[in-house]
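One structure below.
The values are calculated or read from the model by the stated rules, or taken from the named source; none is laboratory data. The structure displayed is predicted, hence computed values, not measured ones. We place every Cβ from the backbone using ideal geometry, glycine too, and count neighbours over all the protein chains shown. Surface areas here come from the heavy atoms of the whole protein model, side chains and all, with no ligands, DNA or RNA. Shrake-Rupley method; radii C 1.70, N 1.55, O 1.52, S 1.80 Å.
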Amino acid sequence: MSDTLMSDNPNTSITTLPVLPVKRSVLFPGVRVPLTVGRDRSVAAVEFALKTEDKTILVVAQRDPEVEQPKLEDLYQIGTKAVIKQVGRTADGQLHALVQGVERLVLLKLEDSTPFLKVRSRQLPAPSNSGAEIDALHRAILDLVDQLPTLIQSPGIAEVAEALRAERDPVAFGYRVAALLNLTVEGEQALLEAPTGAELLRRIYTALSNEVQVLQLRNKIASEAQAEMGKSQREYFLRQQLKAIQQELGEGEDAEGATGELQKRIEEADLPEQVRQDAERELARLTKIPAASPEHQVIRSYLELILELPWNKVSPDSVDLARVRQVLDEDHYGIQDVKERIVEHLAVLKLNPTAKAPILCLVGPPGVGKTSLGQSIARALGRRFERISLGGLHDEAELRGHRRTYVGAMPGRIIQAIRRAGVKNPVLMLDEVDKMGRDFRGDPAAALLEVLDPAQNHTFTDHYLDLAFDLSKVFFITTANTLDPVSEPLLDRMEVIRLPGYSEQEKLEIAKRYLWPRRLNEAGLSADHIQLPDDMISEIICRYTREAGVRQLEQMLGRLTRKVALKLAESPPTATGGVGRGVQQDGALSRDGGVGRGVQQDGAPSRDDGSQASEAPDAIVIGREQLDEWLGTERFMPEEARKQLPPGVATGLAWTATGGDVLYVETTLLPGSHDLTLTGQLGEVMQESARAARSYLWSHAESMGMDISRFKRNGVHLHVPAGAIPKDGPSAGITMATALASAYMNIPVRSDTAMTGEISLSGLVLPVGGIKEKMLAARRAGIRRVILPKANQKDLKELPEQVRNEMTFVFVETIEEVLSAAFQEKAAAEPHQTLSALAN
């Protein structure tokens with residue numbers, strides 16, 4: 001208010017009254033309203049007023065409703081003198097007061113603030129209530145009031161309208177209408193402070209007219225939504241109301257909500273132009289589809305996928321070849337050829353950063369480190385690593401996604417992996433590519449043709465995304481145990497790197513450097529708790545595992561650490577906080593929990609052979625006794641060559657998924673028969689090799705000095721143990737031929753010699769695979785002399801130098817050379833001696 005309102009006027013009465021501040025409402029003269037009084041000072045003011053004769057109090061609105069202890073400056077300068085008509089008290093001390101406004105008062109001066117506000121105030125004259133403009137406004141407001149019963153479907157509204165029409169005083173009428181309006185405190189206070197009746201009614205007419213329009217619009221919205229209700233529920237009805245409101249306001253659906261957020265993200269995203277156009281087109285569709293429609297969520301999920309994909313985001317490469325070699329050597333022991341080939345590919349990327357990323361296929365038996373090698377490559381390059389397992393995958397849509405027309409459609413695994421990586425150049429490993437299947441849902445291997453083709457994958461199209469995504473920067477690595485199930489077109493797109501099995505010495509080093517420390521750490525142990533000598537690791541490798549990799553070896557080491565952890569967890573703590581073990585009076589450790597060691601008099605632990613150990617005094621040293629107790633009986637007996645071979649038996653070498661193996665081919669003649677009987681679960685290729693070997697020996701019996709009548713009078717039974725294990729492959733061809741020749745000539749084959757190689761019907765010896773694994777198997781069995789196809793001589797470079805130096809290799813090109821090298825000692829001195837001379 002102006003200062004003139006605050007000045008004293010001798011023509012108006014001055015009074016001092018207790019003040020009742022109210023937060024969110026204004027009391028008008030002539031209007032009766034209920035008030036809830038809860039603040040201590042307000043309760044005290046009401047109680048004081050009740051003790052007076054006229055029960056009057058000054059009701060004033062607060063400027064800020066958040067102020068709990070208002071002062072005079074926190075209140076509006078004009079309030080309403082009110083009479084307390086009725087008071088009720090609640091259990092928690094609050095008052096419910098019914099007050100009626102009497103007249104307007106101007107707050108002049110604070111008289112007292114304790115225990116409540118008491119203010120000296122002056123009466124403010126009522127606004128004028130006569131004049132042509134006032135009459136016109138009065139009638140116009142009456143016309144609006146007459147519309148309220150039709151707009152507001154509420155009990156009692158007709159009676160309220162009737163009572164308002166009965167009020168003849170325009171100012172009192174205006175105050176009563178103002179109390180019904182949904183105005184803010186500032187708006188109501190402006191009505192209370194109106195200096196003239198015309199201004200008061202003018203403001204009320206404006207507010208009431210706006211309220212009537214809102215009510216009319218609400219009824220229109222309700223009628224339109226009601227026509228569309230049908231099967232919809234209340235949620236749908238509310239959404240339709242929102243839609244109608246936005247249409248009347250000229251705003252797009254959800255302009256401030258999720259759609260607006262998507263629009264902002266599309267504008268800020270670094271998208272290719274074609275992708276941006278598609279995203280904006282889908283967003284325009286989204287704004288026209290009701291949120292309750294299932295298609296709304298489909299389009300929204302599609303747009304979020306587009307925005308989350310790294311269309312142009314790449315991680316910087318740090319192709320430091322020295323760093324790459326260091327990381328590969330830190331994570332993997334041996335396999336130098338494999339590491340060198342990987343470094344070669346990365347060297348190309350360093351010299352030509354724009355070159356397409358290589359696509360490598362790591363092939364090898366289980367447990368040789370194919371997956372971890374991919375992780376090492378990613379770490380060396382500083383790229384993100386993602387892995388997709390393809391084992392058992394049958395549905396082509398798992399890789400390329402489902403079209404969005406299907407319910408529950410999702411992008412394929414390739415696009416999902418790219419989204420998780422957050423960059424378009426991660427190292428992406430496709431694991432177990434040889435274990436995919438195919439059925440009526442498609443061939444996943446065929447879907448990989450586009451993914452793994454450098455000439456096509458820069459425009460890879462996922463069925464769900466339906467936009468070309470560039471995969472040419474992805475460093476693809478596939479893994480397989482064998483390449484036989486992989487289709488030729490798919491193999492043609494990959495650089496194959498073979499990971500051979502490990503020798504016993506390599507397994508020993510891997511166990512010492514990687515497996516054993518990792519298992520100790522996982523079990524919460526350290527070298528201070530347990531010591532595993534090298535000879536015990538070798539025992540575990542030979543007697544408890546049979547594999548080309550090291551997975552079973554790590555499992556056995558894990559069993560040892562768990563056993564020790566159990567012993568230590570169950571042992572009572574010593575006085576020094578360590579784990580206690582019983583000590584005999586003579587100083588020797590007792591068998592507390594099955595672990596004991598001799599202790600010398602100087603306190604240093606000793607080994608069984610009397611030599612002093614170097615481990616900490618409290619460390620448990622695992623010996624043969626602990627292996628037998630904790631790992632159980634030996635799972636595999638060490639391979640040993642048969643000391644003597646009877647006629648008809650030859651030693652062969654085979655490759656298996658778990659490494660090389662020694663294979664004995666046994667034959668016997670069946671007098672009176674002419675058939676060739678084959679047993680031992682031999683595959684078709686091995687059966688054909690056996691028939692070819694017999695046919696060659698029969699057709700060349702005379703030139704080789706054999707008795708051809710033995711072929712005519714005797715059938716042959718050929719058996720390959722173990723009979724329960726399926727076997728197939730051509731590499732046993734020369735072994736079968738040697739065993740058959742031994743049976744027909746009744747001459748034993750050399751027991752220190754093993755052999756491998758394929759035969760042809762013309763007597764040629766053809767090369768075979770798996771040379772490294774086969775040579776390691778022969779060495780494990782104690783065989784130091786091996787007959788090999790001459791074409792496999794180049795494969796011996798894969799063998800460790802120590803193995804090559806310990807063994808003797810005989811390279812052959814024909815079956816005659818094989819047989820000359822395979823029989824007894826005199827053949828060693830005269831390798832080209834004829835078989836007829838041997839028979840004699």
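Summary table
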| read-out | value |
| --- | --- |
| Single condition A347 does not satisfy, out of (1) closer than 30 Å to P485 by Cβ; (2) part of a helix (DSSP H, G or I) | (1) |
| Output for region 244-277, where each listed residue is of a type in the set (D, E, K, R), surrounded by 13 or more Cβ atoms within 10 Å (Cβ to Cβ) and modelled with pLDDT under 85 | E253, D254 |
| Which listed residue is over 30 Å from I537 (Cα atoms) and within 25 Å of the chain's Cα centre (by Cα), from L449, L471, L491, L483 | L471 |
| Filtered residue count, region 386-396, keeping only those that are of a type outside the set (D, E, K, R) and crowded, with 20+ Cβ neighbours inside 10 Å | 2 |
| Evaluation of I783 against (1) in contact with a helix residue (DSSP H, G or I) (Cβ under 6 Å, 6 or more places away or on another chain); (2) open to solvent by less than 60 Å² (accessible area, probe 1.4 Å); (3) in a loop (DSSP other than H, G, I, E, B) (one fails), failing number | (1) |
| Residue in region 373-384 that is surrounded by fewer than 19 Cβ atoms within 10 Å (Cβ to Cβ) and within 26 Å of V486 (Cα to Cα) present | yes |
| Given (1) in contact with a strand residue (DSSP E or B) (Cβ under 9 Å, 6 or more places away or on another chain); (2) in contact (Cβ under 8 Å) with a residue 24 or more places away in the chain, index of the condition N457 fails | (2) |
| Pair list, Cβ < 9 Å and 6+ apart or interchain, from region 41-59 residues that are in contact (Cβ under 8 Å) with a residue 60 or more places away in the chain to residues that are of a type in the set (G, A, S) and open to solvent by 10 Å² or more (accessible area, probe 1.4 Å) | R41/S113 |
| Among (1) modelled with pLDDT of 85 or more; (2) acidic (D, E); (3) closer than 30 Å to D439 by Cα, the one test that E308 misses | (3) |
| Which numbered condition R519 fails, given (1) at pLDDT 85 or above; (2) over 30 Å from the mean Cα position of the chain (by Cα); (3) buried (at least 21 other Cβ atoms within 10 Å of the Cβ); (4) not hydrophobic (A, V, I, L, M, F, W, C) | (2) |
| 3 or more residues of a type outside the set (A, V, I, L, M) and more than 22 Å from V102 (Cβ to Cβ): qualifying helices (runs of 4 or more DSSP H) within region 129-218 | 132-151, 157-166 |
| Failed criterion for E282 (all others in (1) within 19 Å of I497 (Cβ to Cβ); (2) crowded, with 16+ Cβ neighbours inside 10 Å; (3) among the charged types (D, E, K, R) hold) | (1) |
| Selection count, region 520-553, where residues are among the acidic types (D, E) and without any contact (Cβ under 8 Å) to a residue 60 or more places away in the chain | 3 |
| Hits in region 737-766 - residues which are assigned to a strand (DSSP E or B) and open to solvent by 30 Å² or more (accessible area, probe 1.4 Å) | E758, L764, L766 |
| Filtered residue count, region 97-108, keeping only those that are of a type outside the set (A, V, I, L, M, F, W, C) and either open to solvent by less than 30 Å² (accessible area, probe 1.4 Å) or under 60 Å from the mean Cα position of the chain (by Cα) (or both) | 2 |
| Answer from R384, R323, R341 - the residue that is modelled with pLDDT of 85 or more and under 27 Å from the mean Cα position of the chain (by Cα) | R384 |
| Scope region 321-349; condition farther than 19 Å from G501 by Cα, open to solvent by 80 Å² or more (accessible area, probe 1.4 Å) and either touching a residue at least 60 places away in the same chain (Cβ under 8 Å) or touching a helix residue (DSSP H, G or I) at 6+ places or on another chain (Cβ under 7 Å) (or both); matching residues | R323, R325 |
| Unique residue being outside any strand (DSSP E or B), at positive phi, touching a residue at least 40 places away in the same chain (Cβ under 8 Å) and not polar (S, T, N, Q) when the list is G729, G723, G769 | G729 |
| Counted residues, region 292-320 - those being open to solvent by less than 30 Å² (accessible area, probe 1.4 Å), part of a loop (DSSP other than H, G, I, E, B) and free of Cβ contacts under 8 Å to residues at least 24 places away in the same chain | 0 |
| Matching residues in region 545-566 - criterion: being modelled with pLDDT under 85 and open to solvent by less than 60 Å² (accessible area, probe 1.4 Å) | T545, E547, A548, G549 |
| Some residue of region 705-719 being among the polar types (S, T, N, Q) and either open to solvent by 50 Å² or more (accessible area, probe 1.4 Å) or in a loop (DSSP other than H, G, I, E, B) (or both) | no |
| Among (1) small (G, A, S); (2) farther than 23 Å from L819 by Cα; (3) open to solvent by less than 20 Å² (accessible area, probe 1.4 Å), the one test that A690 misses | (2) |
| Candidate set: region 144-188, residues that are of a type in the set (V, I, T), within 59 Å of the chain's Cα centre (by Cα) and within 14 Å of L208 (Cα to Cα); chosen: the one modelled with the highest pLDDT | T184 |
| Candidates G401, G437, G442, filtered to the one that is in contact with a His (Cβ under 6 Å, 6 or more places away or on another chain), modelled with pLDDT under 85 and open to solvent by less than 30 Å² (accessible area, probe 1.4 Å) | G437 |
| Which numbered condition K23 fails, given (1) surrounded by 15 or more Cβ atoms within 10 Å (Cβ to Cβ); (2) within 60 Å of the chain's Cα centre (by Cα); (3) of a type in the set (K, R) | (1) |
| Failed criterion for P365 (all others in (1) over 21 Å from L309 (Cα atoms); (2) touching a residue at least 60 places away in the same chain (Cβ under 8 Å); (3) assigned to a helix (DSSP H, G or I) hold) | (3) |
| Top-ranked residue in region 659-677 [being open to solvent by less than 50 Å² (accessible area, probe 1.4 Å), of a type outside the set (V, I, T) and part of a strand (DSSP E or B); ranked as nearest to V550 (Cα to Cα)] | G659 |
| Failed condition for A778, given (1) of a type outside the set (S, T, Y); (2) without any contact (Cβ under 8 Å) to a residue 12 or more places away in the chain; (3) surrounded by 23 or more Cβ atoms within 10 Å (Cβ to Cβ) | (2) |
